[in-house]
Amino acid sequence: MRLREAQAASRSRIEAIDLVRGLIIILMALDHTRDFFGDLASQPTNLATTTTALFFTRWITHICAPVFFLLTGTSAYLMLRRVSRRELSRFLLTRGAWLIFLELTVMRFALQFNVDYHVTIITVLWGLGWAMIVLAGLIWLPKWAIATIGVIMVAAHNALDGVEPATFGVLAPIWSILHAPGIILDTGRSVVLVAYVLIPWVGVTALGYVLGQVYGWDANRRRALLLWLGISLCALFVALRFADVYGDPVPWSPEKSALWTMISFLNTNKYPPSLLFLLMTLGPALLLLRAFDHGVPALLRPALIIGKVPLFFYVLHFYLIHLLAVVASYLRYGEAGEMFRSPDVGHFPFSEPPDWGSSVPVVYLLWALVVLIMFPLCRWYAGVKRRRTDWWLSYL
């Protein structure tokens, strides 16, 4: 009871965090709509196959995962206002384990609508779950130590890019889980691939925890720091990317036009998230927190509501998008077998039918439909969480 009340109290006092989270979740739905309705043959970050519209549709959603991990840490710190460190540590352990369970069961089914486990790609809830479990131990350290660990994980992990999993022999899967995304199990019948590795994402969560202390500061001091940090991270991204000496495994290059050169410049690595990828996304995230620190504009109140129930939206919107894809397949082809069949690793999340991919404008229209359907559901569930204090509500 005490833990649930602490979460509710923290969220009600700091609406800027919920608003930024809500805006990011809405953006996230755009990327997942594209996953199910876009053309998988046109990879948005492959300059040989992408278009300007497709690239920037993917690029604007890059901010989503870093914000999730950052604000997971921040929200954990804010809970210390009302619970003990021991209670927080226990919650992080159990919540983290719950997210990992959801990733491997509920979310896998949402993506593939089958339970054959021929192909399992482990994504964001897995990373968030382990980040929370690690944070459960880190919170016992002094804040300066947590900050140091976070900075080292985020800033130095690209120095390990040349270390291949094969270097560790039978322990290769452990390195794939920690730093190098890849297949950790292949039995011939079942393949498991980790996309969200732990070292950089745990670092972002740790830094988010340290960031939480600014919400106990004077408002002017907090806003000044958020502004200074946001601008500094953006400037550091530009400087390091221009120098092209460290921070991302793929260099940028002059292209056929200034626009495409800029696309190459912005095309940083997400799997694993490079230092430059994190600077490029966390800088604007801090500026968003600063922008909304004064209050929530009336026009954005719906996003605030969604931001209060992020896991509810995350889980449910995948089922909704996949169901819409099933309906679209039936209407177009008279059947939807591909929507229930495990894909190969290169065609995740499903084996698309011939000529399946929709144009970017259609993807945006479908995204708007998904958000419109999800909003009343989120408003209802946010009301349930506001009225009740059942312990299990803190896990969804």
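Criterion first (modelled with pLDDT under 95 and surrounded by fewer than 13 Cβ atoms within 10 Å (Cβ to Cβ)) does Y395 satisfy it? Judged against the criteria, Y395 is not a match. Being at pLDDT 95 or above, in contact with a helix residue (DSSP H, G or I) (Cβ under 8 Å, 6 or more places away or on another chain), of a type in the set (G, A, S) and surrounded by 17 or more Cβ atoms within 10 Å (Cβ to Cβ) is a property that A65 has. Among the residues making up segment 302-339, a single one is out of contact with any Ser or Thr (no Cβ under 8 Å at 6 or more places or on another chain) and at pLDDT below 90: G337.
Against the criterion of being farther than 21 Å from L19 by Cβ and basic (K, R), K270 qualifies.
In the set P343, P297, P354, P376, only one residue is in contact with a strand residue (DSSP E or B) (Cβ under 9 Å, 6 or more places away or on another chain) and farther than 23 Å from L99 by Cβ; that residue is P343. If you check R90, R81 for being surrounded by 13 or more Cβ atoms within 10 Å (Cβ to Cβ), closer than 27 Å to W392 by Cα and modelled with pLDDT under 95, only one passes: R81. Count of segment 248-283 residues, restricted to those that are without any contact (Cβ under 8 Å) to a residue 12 or more places away in the chain, part of a helix (DSSP H, G or I) and not small (G, A, S), is 2. The number of residues in segment 30-47 that are assigned to a helix (DSSP H, G or I) and in contact with a Phe, Trp or Tyr (Cβ under 6 Å, 6 or more places away or on another chain) comes to 2. Would you confirm whether or not segment 196-210 contains a residue that is surrounded by fewer than 18 Cβ atoms within 10 Å (Cβ to Cβ), touching a Pro at 6+ places or on another chain (Cβ under 9 Å), closer than 17 Å to I121 by Cα and hydrophobic (A, V, I, L, M, F, W, C)? Within segment 196-210 (the criterion being surrounded by fewer than 18 Cβ atoms within 10 Å (Cβ to Cβ), touching a Pro at 6+ places or on another chain (Cβ under 9 Å), closer than 17 Å to I121 by Cα and hydrophobic (A, V, I, L, M, F, W, C)), the answer is no, since none of the residues qualifies. Can you find a residue that is assigned to a loop (DSSP other than H, G, I, E, B) and surrounded by 14 or more Cβ atoms within 10 Å (Cβ to Cβ) anywhere in segment 324-338? The answer is yes, given that some residue of segment 324-338 is assigned to a loop (DSSP other than H, G, I, E, B) and surrounded by 14 or more Cβ atoms within 10 Å (Cβ to Cβ).
Among L331, L316, which is free of Cβ contacts under 8 Å to residues at least 60 places away in the same chain and over 30 Å from G216 (Cβ atoms)? After ruling out the rest, the residue left standing is L331. How many residues are of a type in the set (D, E) and touching a residue at least 24 places away in the same chain (Cβ under 8 Å) when one looks only at segment 150-180? Adding up the residues that qualify gives 1. The set of residues in segment 100-149 being without any contact (Cβ under 8 Å) to a residue 60 or more places away in the chain and not in a helix (DSSP H, G or I) consists of T105, V115, W140, L141, P142. Among the residues of segment 35-53, those that are without any contact (Cβ under 8 Å) to a residue 12 or more places away in the chain and not β-branched (V, I, T) comprise Q43, N46, A48.
Consider only pairs whose beta carbons are under 9 Å apart and that are at least six residues apart or on different chains; among these, list those whose first residue lies in segment 206-222 and is outside any helix (DSSP H, G or I) and whose second residue is not basic (K, R). Going by the 9 Å Cβ cut-off, the qualifying pairs are W217/L225.
Being buried (at least 18 other Cβ atoms within 10 Å of the Cβ) and at positive phi, is that true of even one residue in segment 274-291? So far as segment 274-291 goes, no, none of its residues is buried (at least 18 other Cβ atoms within 10 Å of the Cβ) and at positive phi. Might you let me know whether segment 380-392 holds any residue that is assigned to a helix (DSSP H, G or I), small (G, A, S) and closer than 23 Å to T51 by Cβ? Checked segment 380-392: no residue is assigned to a helix (DSSP H, G or I), small (G, A, S) and closer than 23 Å to T51 by Cβ. Look at segment 357-372: where a residue is over 12 Å from L324 (Cβ atoms) and a partner is among the hydroxyl-bearing types (S, T, Y) and assigned to a helix (DSSP H, G or I), sitting 6+ places away or on another chain with Cβ atoms under 8 Å, you get V360/T57; Y364/T57. Each residue in segment 41-93 was checked for being more than 25 Å from V202 (Cα to Cα), over 20 Å from the mean Cα position of the chain (by Cα) and not hydrophobic (A, V, I, L, M, F, W, C), and 6 of them qualify. Determine whether segment 314-322 contains at least one residue that is farther than 27 Å from T51 by Cα and loosely packed, with under 14 Cβ neighbours inside 10 Å. There is no residue in segment 314-322 that is farther than 27 Å from T51 by Cα and loosely packed, with under 14 Cβ neighbours inside 10 Å.
L300: within 18 Å of F68 (Cβ to Cβ) and of a type in the set (A, V, I, L, M), yes or no?
The answer is no for L300.
Taking segment 284-322 as the range and being of a type in the set (G, A, S) and either more than 18 Å from the chain's Cα centre (by Cα) or not in a helix (DSSP H, G or I) (or both) as the test, the residues that pass are A291, G295, A298.
The values are calculated or read from the model by the stated rules, or taken from the named source; none is laboratory data. In this text, all values refer to a predicted model and were calculated from it rather than measured experimentally. When we count neighbours, we look across all protein chains shown, and the Cβ atoms used for this are built from the backbone with ideal geometry, even at glycine.
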